[in-house]
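What follows is a set of notes on a single structure, which appears directly below.
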Amino acid sequence: MKKTFLLSIALAMCYCSAHSQTIAVTQYEIDALKGHSKEIMEKARYIADEQTMRTHLSYRVLRKDEERLARYIREREIRKCCYDYIFPDSLTHRVVNKMSIDEFYADSVNTVLIAAGNPYISGENVTFALFRAKTLELDDAQYAGMMEKALDIARRTKRDRKLNVWNEEMEILKNTLSDRQLDKFFYVKYSKEIAKDIENGWKKLEEAGLAEQLDSAQEIVNARMYLSLQRKINDIWRYFGTPRKKNLAELAKDKPQMLRMLEALEKKEKLIREEEKNKTLGKEFVW
């Protein structure tokens, strides 16, 4: 009775879907489960628990996806353990089949890890967009399409860690997101960095006695939007020097007063530093 119960659980797991694909369980695996269900389940559970914990320690996993991740790993390890009994006397056949199963489940596991914003699995930009899907208001079609692209990048970068997919990612973003969503993407991506720049900039203006000339609320909003658009241009045209310079120059025509004042202040400080440096050099050559 217990053996039948374990077998039914194992088969149910193996017939579940992984990344919207029906897992083609082989007859060999079914026969192995029929004959060795208790041993396979015990061994697979032990390995799966370790692998699940290893994944949690290495990556961020969203709470809502924890059970799904655990299920993928359980299914994977059950199937792999079957091959210890299918090919008990052939190390090569065992390893080759286990590697194929690992490859099959890689996409399923990666959907969970990419959704949680883990870097270095796929492209950093598509990963961030999927991680912030709710903020960007991605619909189901946008999310599914972008996840497929992210998984494709993950497969290719796994084969070639030096692969540069930046321009490809920019095209994916431009082709998937609306103009409003694209602007929001860069606004959110650089929000912390921009907030720090603005805070430091405003402090400089206050110290120089210039901040009182500005409407702080409006200027900070304008500066935040400007810096966001500036980073958008730098990212989209990162590897295209001429278009990048042209777009930055066009944007600069509408530079907020706060940033213009900061720019002037920085130029003044630079001149003072150069003058001090020249005075020091002059003194060194006095005999």
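The values are calculated or read from the model by the stated rules, or taken from the named source; none is laboratory data. Everything quoted here is computed from the prediction, not taken from an experiment. In this analysis, Cβ positions are derived from the backbone assuming ideal geometry, glycine residues included, and neighbour counts consider all displayed protein chains. For accessibility, only protein heavy atoms count, side chains too; no ligands or nucleic acids. Shrake-Rupley method; radii C 1.70, N 1.55, O 1.52, S 1.80 Å.
Please verify whether the range 5-19 includes one or more residues that are modelled with pLDDT of 95 or more, assigned to a helix (DSSP H, G or I) and among the hydroxyl-bearing types (Ser, Thr, Tyr).
Within the range 5-19, none of the residues are modelled with pLDDT of 95 or more, assigned to a helix (DSSP H, G or I) and among the hydroxyl-bearing types (Ser, Thr, Tyr).
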Per the list (1) at pLDDT 95 or above; (2) under 27 Å from the mean Cα position of the chain (by Cα), residue check on Gly241 breaks on (1)
Of all residues being within 16 Å of Asp31 (Cα to Cα) and of a type in the set (D, E, K, R) in the range 76-105, which is surrounded by the fewest Cβ atoms within 10 Å (Cβ to Cβ)? Just the residue, please. Asp84
Pull up the range 120-158, narrow it to residues that are touching a residue at least 24 places away in the same chain (Cβ under 8 Å), within 10 Å of the chain's Cα centre (by Cα) and open to solvent by 10 Å² or more (accessible area, probe 1.4 Å), then point me to the one that is nearest to Lys184 (Cα to Cα). Arg132
Among the residues of the range 254-266, are any open to solvent by 50 Å² or more (accessible area, probe 1.4 Å), small (Gly, Ala, Ser), closer than 30 Å to Lys134 by Cα and out of contact with any helix residue (DSSP H, G or I) (no Cβ under 6 Å at 6 or more places or on another chain)? no
Looking at the range 106-119, which of the residues that are of a type outside the set (S, T, N, Q) and in a helix (DSSP H, G or I) is surrounded by the most Cβ atoms within 10 Å (Cβ to Cβ)? Ile114
All conditions in (1) assigned to a helix (DSSP H, G or I); (2) at pLDDT below 95 are true of His93 except (2)
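From Arg60, Arg54, Arg74, grab the single residue that is at pLDDT 95 or above and touching a Leu at 6+ places or on another chain (Cβ under 9 Å).
Arg60
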Wholly within the range 168-287, which helices (runs of 4 or more DSSP H) include no fewer than the required count, namely at least 2 residues that are of a type in the set (Gly, Ala, Ser)? 191-207, 216-236, 241-252, 257-284
In the range 222-246, the residues that are without any contact (Cβ under 8 Å) to a residue 12 or more places away in the chain and open to solvent by less than 50 Å² (accessible area, probe 1.4 Å): Gly241, Pro243
Restricting the range 20-51 to residues that are of a type in the set (S, T, N, Q) and assigned to a helix (DSSP H, G or I), the residue that is modelled with the highest pLDDT: Gln51
What pairs can you find where one residue is in the range 254-272 and within 17 Å of Ile198 (Cα to Cα), the other is open to solvent by less than 60 Å² (accessible area, probe 1.4 Å) and assigned to a loop (DSSP other than H, G, I, E, B), and their Cβ atoms are less than 8 Å apart, with a gap of 6+ or different chains? Gln257/Leu214; Met258/Leu214; Met261/Leu210; Met261/Leu214; Glu263/Lys255; Leu265/Ala208; Leu265/Leu210
Given the condition surrounded by 13 or more Cβ atoms within 10 Å (Cβ to Cβ), aromatic (Phe, Trp, Tyr) and within 28 Å of the chain's Cα centre (by Cα), answer yes or no: does some residue in the range 201-209 qualify? no
